[in-house]
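Contents: one structure, followed by commentary.
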Amino acid sequence: MGMNIQSVGVVGAGQMGNGIAHVFALAGYDVRLNDRDAEQLDRALERIEKNMSRQVSKGLITEADKADALALIKKTPDIAEAAHVDLLIESATEREDVKMAIFAAAQPHLKPETILATNTSSISITRLAARTDRPERFMGFHFMNPVPVMQLVELIRGIATDEATFDALKKVVVQIGKTAAYAEDFPAFIVNRILLPMINEAIYTLYEGVGGVEAIDTSMKLGANHPMGPLELADFIGLDTCLAIMQVLHDGLADTKYRPCPLLVKYVEAGWLGRKAGRGFYDYRSGDPVPTR
């Protein structure tokens, strides 16, 4: 059975959620953006408007495109309203208990044909799906940050995901102008399975005194042609998110090569979570990033 997806609910209006709402609205979908924090919803709409204005100034979209897209986004603090859609995407914090609670709250309000998706960067799709009433209509739909700019979406099937759901979401990825990579349901999928151990290794390199923050980032930018150094990238992702993904890899694969660096743990304990906290491997409070080690 083919399915025509026209309405999309996005639960979680943070950094990823507002980007997901942005790209779906630009592609012409009716979007319901949900967050229990009303101020977060207001900030998300401001961010979307600002990011669309940037696209207009670069000539990527027109003012009319922007106006049409913004008119398609409805913010709602009510999960019941957000859940009555063709596709519901959970984009909350990278904690399994939080994600489970969202799907449980949404369940009574879903249409029988609603497809559920999670933007998790590392948690088992099969395990999340098994706790819902529709594991066959459940998939991992992992966007990269920042969503409006990054081209990739990882599509991850759980063990129970049916072919119709997979086909429907493949079409959606094309409709929103992205490229899909199909990943199997193993811890951290493809991108983070490769990227996070590299970041963790960069933190070990700092921890062991092989090089300072600037030396490590400069080395990878100029020596490996990476657009951002690994420590700068860790700050951008959020050190709490980096740690959560390393813990999922370490727990799920039981291999010591995925052991989170003690220095990463220490920074998270200090609340130095990167850009969003004003401090991480760099201190951003003065406006100019200054290395903290």
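The values are calculated or read from the model by the stated rules, or taken from the named source; none is laboratory data. Here the structure is a predicted model, which is why all the values come from computation and not from measurement. Cβ sites come from the backbone with ideal geometry, for glycine too, and all protein chains shown count toward neighbours.
Any chance region 217-231 includes a residue that's surrounded by 15 or more Cβ atoms within 10 Å (Cβ to Cβ), out of contact with any Gly (no Cβ under 6 Å at 6 or more places or on another chain) and touching a residue at least 40 places away in the same chain (Cβ under 8 Å)?
yes
State whether the residues of region 86-93 include one that is under 12 Å from the mean Cα position of the chain (by Cα), of a type in the set (Gly, Ala, Ser) and within 17 Å of residue 185 (Cα to Cα).
No.
Name the pairs: first residue in region 174-203 and of a type in the set (Ser, Thr, Tyr), second residue assigned to a strand (DSSP E or B) and surrounded by fewer than 18 Cβ atoms within 10 Å (Cβ to Cβ), Cβ to Cβ under 8 Å, at least 6 apart or on different chains?
179/152
Filtering region 247-274 down to residues that are surrounded by 18 or more Cβ atoms within 10 Å (Cβ to Cβ) and closer than 16 Å to residue 93 by Cβ, which residue is modelled with the lowest pLDDT?
Of everything passing the filter in region 247-274, 248 is modelled with the lowest pLDDT.
In region 121-143, how many are of a type outside the set (Val, Ile, Thr), in contact with a strand residue (DSSP E or B) (Cβ under 7 Å, 6 or more places away or on another chain) and modelled with pLDDT of 95 or more?
10
Name, by its number, the condition in (1) assigned by TED's automatic domain parsing to the domain that holds residue 124; (2) over 27 Å from residue 169 (Cβ atoms) that does not hold for residue 179.
Only one criterion is unmet by residue 179, namely (2).
Let's see how each residue does on (1) assigned by TED's automatic domain parsing to the domain that holds residue 175; (2) at pLDDT below 95; (3) surrounded by 23 or more Cβ atoms within 10 Å (Cβ to Cβ):
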site: 1; (1), (2), (3): no, yes, no
site: 26; (1), (2), (3): yes, no, yes
site: 31; (1), (2), (3): yes, no, yes
site: 48; (1), (2), (3): yes, no, yes
site: 62; (1), (2), (3): yes, no, no
site: 74; (1), (2), (3): yes, no, no
site: 83; (1), (2), (3): yes, no, yes
site: 86; (1), (2), (3): yes, no, no
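Among the residues of region 107-117, is there at least one that is surrounded by 14 or more Cβ atoms within 10 Å (Cβ to Cβ), more than 24 Å from residue 175 (Cβ to Cβ) and not β-branched (Val, Ile, Thr)?
Yes: region 107-117 contains one or more residues that are surrounded by 14 or more Cβ atoms within 10 Å (Cβ to Cβ), more than 24 Å from residue 175 (Cβ to Cβ) and not β-branched (Val, Ile, Thr).
Which is among the polar types (S, T, N, Q), surrounded by fewer than 17 Cβ atoms within 10 Å (Cβ to Cβ) and touching a residue at least 60 places away in the same chain (Cβ under 8 Å), of 6, 15?
None of the others qualify; the one that does is 6.
Here are some residues: 126, 165, 161. Which one is in the same structural domain as residue 12 (by TED's automatic domain parsing), assigned to a helix (DSSP H, G or I) and buried (at least 20 other Cβ atoms within 10 Å of the Cβ)?
The match here is 165.
Taking region 46-60 as the region of interest, how many residues are under 23 Å from residue 14 (Cβ atoms) and touching a helix residue (DSSP H, G or I) at 6+ places or on another chain (Cβ under 8 Å)?
7
Kindly evaluate residue 203 against the criterion of being in the same structural domain as residue 260 (by TED's automatic domain parsing) and more than 24 Å from residue 102 (Cα to Cα).
Criteria met by residue 203.
Would you confirm, using the coordinates I've provided, whether residue 120 is over 15 Å from the mean Cα position of the chain (by Cα) and free of Cβ contacts under 8 Å to residues at least 60 places away in the same chain?
So residue 120 fails the test.
Answer yes or no as to whether residue 232 is out of contact with any helix residue (DSSP H, G or I) (no Cβ under 9 Å at 6 or more places or on another chain), among the charged types (D, E, K, R) and modelled with pLDDT of 95 or more.
no
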